[in-house]
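Report on the following structure.
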Ligand code: T5A
């Protein structure tokens, strides 16, 4: 067990890391890089997943949410749908992987509900907290990396990718700039309120520099995951 979730019986042995931030902050890019590093160096299996989604049923809910199907019903209904997807994701993928001792890297989790439906969407903190308690329970991240970037830059990156792939803005990318400004403030406030769990990463730099900052945060917060030398390497020469 590398993290502080000893109270969570579902987590025995595993480590749960989440990536958070605004649109186009570079989470997917950095998760792929960290997964490759951890696979090479930690000696533990790594499970990469995302929210909304991550399990077949949750992926179906994701498609509806990103198409804006739930938008007319308001942030509470959207939060309930994100929660329904999260319940399935936790039960089918995250908790079993943690029980097997895997390192789970998840692109977005509870902080996105706090920021998108809560702070930016207007859903009261009482409801957000209550949903978290009943949906997530003790399965909390050991470490949350918050990729911080000016919303204008993140939206431009997302738009650039959309132009290359032919995909238009999704339901949340299409929100007005002040929504994205509130998101950024909310993620920074979460990091300020929970410094033991969260590390803020400056995501405005080039991908290699961001990767180095992510690695440094993981190495300092969860040193068992990033030993100085790859797991199993150089055992015969350890005394040297
Ligand atoms: N949501 C989610 C809620 O409202 N409530 C919730 O509870 C949850 C869980 C998910 C949406 O759902 C919302 C939030 C989201 O709006 P999504 O498609 O998964 O939708 O959206 P994002 O998580 O924002 O994913 P993106 O792919 O848009 O952003 P990423 O993963 O942060 O960025 P990434 O790595 O794909 O990079 C975007 C582009 O920038 C480039 C990449 O090559 C890519 O083209 N890039 C960089 N360019 C310059 N410098 C760097 N350092 C770069 N890093 C990446």
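The values are calculated or read from the model by the stated rules, or taken from the named source; none is laboratory data. What you are looking at is a predicted structure, and each value in this text was computed from that prediction instead of being measured. For neighbour counting, all protein chains shown are included, and Cβ atoms are generated from backbone atoms with ideal geometry for every residue, glycine included.
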| field | Every residue from region 34-70 that is more than 22 Å from residue 91 (Cα to Cα), assigned to a loop (DSSP other than H, G, I, E, B), within 15 Å of the ligand (Cβ to nearest atom) and in contact (Cβ under 8 Å) with a residue 12 or more places away in the chain | value | 67, 68
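Taking the residues in region 73-82 that are assigned to a helix (DSSP H, G or I) and more than 8 Å from the ligand (Cβ to nearest atom) as candidates, determine which candidate is surrounded by the fewest Cβ atoms within 10 Å (Cβ to Cβ). Full working, then the answer.
Looking only at region 73-82, we keep the residues that are assigned to a helix (DSSP H, G or I), and these are 73, 75-82.
Keeping just the survivors that are more than 8 Å from the ligand (Cβ to nearest atom) gives 73, 75-77, 80-81.
Details: 73: 11, 75: 21, 76: 16, 77: 14, 80: 16, 81: 18.
Per the stated criteria, the residue is 73.
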| For residue 126, are the conditions met, namely being closer than 30 Å to residue 177 by Cα, modelled with pLDDT of 95 or more, surrounded by 21 or more Cβ atoms within 10 Å (Cβ to Cβ) and more than 9 Å from the ligand (Cβ to nearest atom)? | no
| task | Being within 19 Å of residue 23 (Cα to Cα) and within 12 Å of the ligand (Cβ to nearest atom) narrows it down to one of 86, 114, so name that one. | result | 114
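Any residue in region 176-195 that is under 24 Å from residue 95 (Cβ atoms) and under 17 Å from the mean Cα position of the chain (by Cα)?
Pass one, region 176-195, residues under 24 Å from residue 95 (Cβ atoms): 190, 194.
Still in the list and also under 17 Å from the mean Cα position of the chain (by Cα): 190, 194.
Yes: region 176-195 contains one or more residues that are under 24 Å from residue 95 (Cβ atoms) and under 17 Å from the mean Cα position of the chain (by Cα).
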| field | Odd one out for residue 106, checked against (1) near the ligand (Cβ under 10 Å from one of its atoms); (2) buried (at least 22 other Cβ atoms within 10 Å of the Cβ); (3) in a helix (DSSP H, G or I); (4) touching a residue at least 40 places away in the same chain (Cβ under 8 Å) | value | (3)
| query | Quick check: anything in region 198-214 more than 12 Å from the ligand (Cβ to nearest atom), surrounded by fewer than 13 Cβ atoms within 10 Å (Cβ to Cβ), within 30 Å of residue 64 (Cα to Cα) and at pLDDT 95 or above? | reply | no
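Pull up region 16-33, narrow it to residues that are farther than 22 Å from residue 177 by Cβ and in contact with a strand residue (DSSP E or B) (Cβ under 8 Å, 6 or more places away or on another chain), then point me to the one that is nearest to the ligand (Cβ to nearest atom).
Ranking the candidates gives 28 first.
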